[in-house]
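The values are calculated or read from the model by the stated rules, or taken from the named source; none is laboratory data. The model shown is predicted, which means the values in this text are computed figures rather than measured ones. Note that we place each Cβ from the backbone using ideal geometry, even for glycine, and neighbour counts take in every protein chain shown.
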Amino acid sequence: MIRDGLKIDPKKYTRMKERLVDVSEETTTGVKRLYQMQANGTMLFPAINVNDSATKSNIWALAIGKKTEMLATDGGDAVVNLWHDCTAADKEEAFRKEEKDVLRGQELENTVLDADYTRATQLAFELGRPHKLFELFSELCR
């Protein structure tokens, strides 16, 4: 099947390598061929040997896209799982949350200076600042 496809389009896999980071192989014969390709310099992209893996029966295909930051795995249960690397998105979300908290903390300090104690108390509760609540109540009780 692959050989027939290469007769029709000999550069198919050479073009495909631009979209792949690496591949996986689980058969002993396939792994031996990959080692041969690595030795003679014809390997188009890195390959993962899952033949020796403890999870061999669970993962039989692995593909990683360079531009999409996606990982696709497929296993013996016929379920394809798409994994998205959300590390950057998680860091961005954490930064936005911290930035929002800083702005709300500044708002809290401004409401205290403006003697808007009702709003200051509400913000202190929302921001989880018990010490600030204590200071507010102490100020009000004087």
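Restricting to region 87-104, give me the number of residues that are free of Cβ contacts under 8 Å to residues at least 24 places away in the same chain, surrounded by 11 or more Cβ atoms within 10 Å (Cβ to Cβ) and within 23 Å of Leu133 (Cβ to Cβ). Even if it seems obvious, please write down each step before you answer.
Taking region 87-104 and keeping what is free of Cβ contacts under 8 Å to residues at least 24 places away in the same chain, we get 87-100, 102-104.
Now narrow it down to the ones that are surrounded by 11 or more Cβ atoms within 10 Å (Cβ to Cβ): 89, 92-93, 104.
From what is left, the residues that are within 23 Å of Leu133 (Cβ to Cβ) are 104.
The qualifying residues number 1.
Taking region 63-142 and the helices (runs of 4 or more DSSP H) fully enclosed by it, the elements with 2 or more residues that are modelled with pLDDT under 85 and under 30 Å from Arg19 (Cβ atoms) are at 87-113.
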